[in-house]
Amino acid sequence: MERILIIQSAFIGDVVLATPIIEKLAVHFPEAKIDFLLKRGNQKILQNHPKLNKVYIWKQNEFRHLFKLSSIFKRNKYDLVLNLQRTIASGLITVLSGAKVKIGFSKNPFSFLFDEKVFYKFNGKHESSRNLGLIQSLTDKTYISPKLYPQKMDYAAVAKYQEFPYLCIAPSSYWKTKEFPQVKWIELIISLDDHWIIYLLGGKEDFSFCEEIRTHAERKNVINLAGKLEVLASAALMEKAKMNYVNDSSPLHIASAMNASINAVFCSSAPYFGFGPLTINSKVIEVEKELSCKPCAVHGKNECPLGHFDCAHSINIKQFDKPKIK
């Protein structure tokens, strides 16, 4: 096998959970050139990845770009195209690629034209394991964890923040019912030893949200880094944090890929769907009382359908691990 293309055009966290496929293919087909297709805005998570030949960027809102990419992929004459997405557009690209072997999940509308389709279901198995199932017939059943590769410049960018012991909090989420409320994050910060330096992480769009948390926490050692670090630099910072507090969102998977310490808050969702933490030093934080409405959705919603958001507000801050500073 000489040329392989992996397609994962969803969120950054989904791209991170596709990285075990890169690792396994690199082991079983060391001479193959492995390319990756992701959506515009996510490319930096795989920047300078040592096991990738090329990262293609999909401008998803431009229909003509779909056919342009398909034409490029056809000229590349791939031996294998792996489609991790279950969308019409990604299925069309897979079919138009003309690859010798096309593999994807059965839920893709074009899966009837794939050479091999794998059934996708929520059965408690982790998403990274489901992804690896796509290549099981070509490789083996051995599990490989997600892995990211921050570069020297990424570690250099965060070195000044690592002079003293610190914690990281990534408080925001694209889906609001997956997002632990501001007031609860503030409550958590106040409950922590005030000698910790606490870094708030996120993208540029999260700066205001993080700034409100920093301001209302009224703690001098809380520093808002949202939008100030590239994604792999944030990964490098999370790697050495004494603890990372995250939602069921992309930062959770980034922390897992760095084998970092994690407390992951699951509000409306549940680890059963397959998106929980993967590191040894990790803990899932959920509401302790039984709620008939939880989980309400796999991907979350813009607001609680019932208006109370008990799956978040009823979480006791005492449930979190609070490391001691020496």
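The values are calculated or read from the model by the stated rules, or taken from the named source; none is laboratory data. The model shown is predicted, which means the values in this text are computed figures rather than measured ones. The area values use the complete protein model at the heavy-atom level, side chains included, leaving out ligands, DNA and RNA. Shrake-Rupley method; radii C 1.70, N 1.55, O 1.52, S 1.80 Å.
Enter the accessible area of E230 (Å², nearest 10), with the probe set to 1.4 Å and all protein chains included. Here the accessible area works out near 100 Å².
Express the relative contact order of the range 104-205 as a whole percentage, based on alpha carbon pairs under 8 Å and six or more residues apart in sequence. Could you put the intermediate results ahead of the total?
Values: 62 pairs, mean separation 20.3, N = 102.
It rounds to 20 percent for the range 104-205.
Averaged over all directions, how much area does the convex hull of the C-alpha atoms of the range 181-326 cover when projected, in nm²? Averaging across all directions leaves 8.7 nm² for the Cα convex hull.
Summarise the accessible area of the range 156-262 (1.4 Å probe, protein heavy atoms) by the percent that is carbon and sulfur. Before the final figure, lay out the partial values.
Details: 2260 of 4370 Å².
For the range 156-262, the apolar C and S fraction of the accessible surface comes to 52 percent.
Between the range 180-204 and the range 248-326, the alpha-carbon centres lie 15 Å apart. Most mobile of T142, T177, T19 per a Gaussian network model of the chain (Cα springs, under 10 Å)? Sorting by GNM fluctuation, first place goes to T142.
Among I34, I186, I12, the residue with the largest mean-square fluctuation in a Gaussian network model of the chain, with springs joining Cα atoms closer than 10 Å, is I186. For the range 60-217, taking the reciprocal of the average inverse distance between every pair of different Cα atoms yields a Kirkwood hydrodynamic radius of 19.8 Å. Here's the list of lysines a cross-link from K289 could span, going by alpha-carbon distance under 20 Å and ignoring same-chain residues fewer than 8 apart: K178, K184, K318. Ligands, DNA and RNA are left out, and with a 1.4 angstrom probe the accessible area of the range 1-96 is 44 Å² per residue. In the range 225-297, the convex hull through the Cα atoms has an average projected area of 5.4 nm², a quarter of its surface area. With viscosity 0.692 mPa s and temperature 37 °C, the Kirkwood radius over alpha carbon pairs of the range 192-272 converts through Stokes-Einstein to a diffusion coefficient of 247 µm²/s. Of interest is the spacing of the C-alpha centroids, which for the range 123-171 and the range 1-74 amounts to 16 Å. With one equal scatterer per alpha carbon and no solvent term, the Debye-computed log10 I(q)/I(0) for the chain at 0.10 1/Å reads -0.60. Mean-square fluctuations from a GNM of the chain, with a 10 angstrom spring cutoff on Cα atoms, peak among V222, V81, V101 at V101. Helices that extend 18 Å or more along their long axis by alpha-carbon positions and average at least -1.0 on the Kyte-Doolittle scale are, among the DSSP H runs of the chain, 63-76.
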